[in-house]
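Comments concern the structure below.
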Amino acid sequence: MRIAQTRLSIDTKPREIKEITADIARWVECQNISTGLLTAYILHTSASLLIQENASPDVRHDLDAFLRRLVPEDISLYRHNDEGPDDVPAHIKSALTQTQLTIPVSDGRLQLGVWQGIFLFEHRASPHNRALVLTLIGEVDETPPSG
Amino acid sequence: MRIAQTRLSIDTKPREIKEITADIARWVECQNISTGLLTAYILHTSASLLIQENASPDVRHDLDAFLRRLVPEDISLYRHNDEGPDDVPAHIKSALTQTQLTIPVSDGRLQLGVWQGIFLFEHRASPHNRALVLTLIGEVDETPPSG
Amino acid sequence: MRIAQTRLSIDTKPREIKEITADIARWVECQNISTGLLTAYILHTSASLLIQENASPDVRHDLDAFLRRLVPEDISLYRHNDEGPDDVPAHIKSALTQTQLTIPVSDGRLQLGVWQGIFLFEHRASPHNRALVLTLIGEVDETPPSG
């Protein structure tokens with residue numbers, strides 16, 4: 001058993017639901033761990049993580065529109081207003097989604113469903129640089145390299 | 001330290017909140033791991049996982065009714081409509097609940113609270129076959145078998 | 001690689017969002033594990049866990065007020081009413097937040113973002129004693145003690 005850990009830095013656009021599956025998969029596949037668990041953790045409270053459908057961008061649009069209706073950017077609703085009307089809604093949307101995801105690894109690869117992607121959900125109305133910690137725990141691949 | 005991994009296949013009824021505690025507990029108890037962590041991961045984005053009260057079915061009914069009011073199956077609200085009026089609501093309900101649960105294991109057993117059960121929440125209006133990956137990491141039980 | 005596990009007992013006030021970062025950090029820092037993952041798991045379905053901003057108490061107030069508007073304590077909405085008007089809303093709020101959090105550990109310490117705290121969210125209208133299981137998996141610190 002072995003553990004590997006790294007940091008990932010992701011630039012986001014305002015309110016972007018950005019697919020980061022490839023960024024995470026690339027690192028996992030270099031760790032020489034065959035069977036394990038990958039945990040992605042975001043170091044922020046106004047952006048969050050999400051497993052969602054990776055096929056239709058309309059599904060992400062509909063999820064974003066739903067959350068905007070659910071958590072309106074109306075300052076009369078909130079006490080904490082000194083960071084802009086999108087700040088408290090960003091914290092609430094983060095609480096309703098995920099700060100952390102743990103995903104199985106088999107044969108050295110992330111075991112996602114066929115239609116699943118990993119997304120970083122930027123809840124602020126301005127671009128940000130977001131930091132994630134990736135941690136992989138598992139069994140070292142004992143297969144000798146071929147050739 | 002050791003890792004074990006398996007797949008679980010679960011048949012669901014439309015919109016069912018199905019208890020799967022026994023299916024998971026049975027596998028955990030055969031792994032000869034005394035202290036550890038079990039991660040259940042669902043390979044879909046229109047069904048999700050949930051820790052909920054295992055006593056009253058009315059609590060599950062009320063949760064389902066709440067989510068139906070919150071995320072109406074009204075196609076005028078959504079852009080992505082080609083998979084039926086229940087498709088986008090299913091993705092939204094999945095985003096608001098869990099794709100993955102990590103549960104402690106002690107003395108070779110899942111450490112759930114007295115009133116806690118593990119549930120698979122089918123968000124689609126038709127029956128499905130759903131796949132989960134279970135991963136258990138922990139210490140091997142060193143106790144010699146009695147008798 | 002090593003695993004450590006303990007129980008934590010937390011007294012809550014009605015509807016309190018209580019910071020428990022220090023309770024968890026203190027235990028983690030005594031485990032002599034340098035790089036790893038800490039999983040906090042709450043053994044209840046009417047209280048939950050949350051990563052939230054640790055700076056402004058107004059953000060927590062706004063989150064609580066949002067959830068009270070979203071999940072009203074109106075018994076006419078629910079079938080399960082024999083445990084009081086706050087019981088089903090408590091279960092729904094738990095389902096919308098987290099039963100479990102997994103947080104990276106580096107250099108023997110929790111790797112939280114600058115503004116992140118770990119909170120226990122009491123959803124009932126009365127004080128409770130809540131139990132958590134903490135599990136830490138990681139690499140033993142090989143650094144010889146100085147002096």
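Of everything in segment A:37-79, what is within 7 Å of another protein chain (Cβ to nearest Cβ), hydroxyl-bearing (Ser, Thr, Tyr) and closer than 29 Å to A:Ala25 by Cα? Give them in sequence order.
A:Thr39, A:Tyr41, A:Thr45, A:Ser56
Can you name every one of the strands (runs of 3 or more DSSP E) wholly within segment B:6-82 that holds 2 or more residues which are touching a residue at least 40 places away in the same chain (Cβ under 8 Å), buried (at least 17 other Cβ atoms within 10 Å of the Cβ) and of a type outside the set (D, E, K, R)?
Because the criterion is at least 2 residues that are touching a residue at least 40 places away in the same chain (Cβ under 8 Å), buried (at least 17 other Cβ atoms within 10 Å of the Cβ) and of a type outside the set (D, E, K, R), the strands (runs of 3 or more DSSP E) in segment B:6-82 that meet it are B:33-42, B:47-53.
Which residues, taken from segment C:103-147, are under 24 Å from C:Asn32 (Cβ atoms) and in contact with a Pro (Cβ under 6 Å, 6 or more places away or on another chain)?
Hits for segment C:103-147 are C:Gln111, C:Val133, C:Thr135.
Every residue, every condition in (1) outside any strand (DSSP E or B); (2) free of Cβ contacts under 8 Å to residues at least 60 places away in the same chain; (3) among the hydrophobic types (A, V, I, L, M, F, W, C); (4) more than 9 Å from chain A (Cβ to nearest Cβ), yes or no:
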{"site": "C:Ile92", "(1), (2), (3), (4)": "yes, yes, yes, yes"}
{"site": "C:Ile103", "(1), (2), (3), (4)": "no, no, yes, no"}
{"site": "C:Leu112", "(1), (2), (3), (4)": "yes, no, yes, no"}
{"site": "C:Ser126", "(1), (2), (3), (4)": "yes, no, no, yes"}
{"site": "C:Asn129", "(1), (2), (3), (4)": "no, no, no, yes"}
{"site": "C:Leu132", "(1), (2), (3), (4)": "no, no, yes, yes"}
{"site": "C:Glu139", "(1), (2), (3), (4)": "no, no, no, no"}
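Taking the stated definitions as given, is B:Thr135 among the β-branched types (Val, Ile, Thr), modelled with pLDDT of 95 or more, within 26 Å of C:Ala47 (Cβ to Cβ) and within 17 Å of the chain's Cα centre (by Cα)?
Considered against the rule, which asks whether it is among the β-branched types (Val, Ile, Thr), modelled with pLDDT of 95 or more, within 26 Å of C:Ala47 (Cβ to Cβ) and within 17 Å of the chain's Cα centre (by Cα), B:Thr135 comes out as no.
The values are calculated or read from the model by the stated rules, or taken from the named source; none is laboratory data. If you're wondering where the values come from, they're calculated on a predicted model, not measured in any experiment. Every residue, glycine as well, gets a Cβ built from its backbone with ideal geometry; the counts of neighbours run over all protein chains shown.
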